Amino acid sequence: QVQLVESGGGLVQPGGSLRLSCAASRSTYSFTAMRWYRQTPGKQREWVAIITNAGHTNYADSVKGRFTISRDNAKNTVYLQMNDLKPNDTAVYYCNAFLSPFDYWGQGTQVTVSS
């Protein structure tokens with residue numbers, strides 16, 4: 001059974017920074033890819049960033065240049081560093097891990113960007 005536990009969300013002012021963590025119950029390299037998604041009420045879950053087991057990364061256009069995905073395999077953890085946060089970054093952020101044929105999800109962590 002794979003478990004993913006997100007942490008690091010909170011309330012931050014526009015222009016501020018947060019770092020989200022996703023602690024996995026197994027090595028992050030064992031997954032084909034790990035992703036961050038976000039969701040606001042009434043909207044579909046939106047993909048934010050990906051890191052593959054080869055270390056390749058990619059980002060949604062809306063966060064490119066502001067967010068960075070990384071991992072520390074010694075801690076079985078993937079991070080999402082979020083800088084220059086904007087009010088429309090407000091959402092519940094979810095960690096996802098893919099290992100065919102399964103997708104695994106964390107419980108989510110709330111990020112609120114407001115003055």
Notebook entry, point to check: Restricting the search to region 74-86, which residues are open to solvent by 40 Å² or more (accessible area, probe 1.4 Å) and on the phi < 0 side of the Ramachandran plot?
Noted result: Ala74, Lys75, Gln81, Asn83, Lys86
Note to self: What are the pairs with Cβ atoms under 8 angstrom where one residue, in region 68-86, is among the acidic types (Asp, Glu) and the other, located anywhere, is surrounded by 16 or more Cβ atoms within 10 Å (Cβ to Cβ)? Sequence gap at least six, or different chains.
What the structure shows: Asp72/Tyr79
Note to self: Among the residues of region 63-107, what is the count of those that are within 16 Å of Arg38 (Cβ to Cβ) and aromatic (Phe, Trp, Tyr)?
What the structure shows: 5
Notebook entry, point to check: If you scan region 46-103, which residues turn out to be in a strand (DSSP E or B) and of a type in the set (A, V, I, L, M)?
Noted result: Val48, Ala49, Ile50, Ile51, Ile69, Val78, Leu80, Met82, Ala91, Val92, Ala97, Leu99
Check: Given the conditions (1) over 16 Å from Phe98 (Cα atoms); (2) among the basic types (Lys, Arg); (3) open to solvent by less than 60 Å² (accessible area, probe 1.4 Å), and given that Arg71 satisfies all but one, which numbered condition is not satisfied?
Finding: (1)
Note to self: Based on this model, can you work out whether Asp89 counts as of a type in the set (Asp, Glu) and surrounded by 17 or more Cβ atoms within 10 Å (Cβ to Cβ)?
What the structure shows: yes
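The values are calculated or read from the model by the stated rules, or taken from the named source; none is laboratory data. Keep in mind the model is a prediction, meaning the values are calculated, not measured. Glycine also receives a Cβ, built like all others from the backbone with ideal geometry; neighbour counts cover every protein chain displayed. Just so you know, the surface numbers come from the protein's heavy atoms only, side chains and all, with ligands and any DNA or RNA stripped out. Shrake-Rupley method; radii C 1.70, N 1.55, O 1.52, S 1.80 Å.
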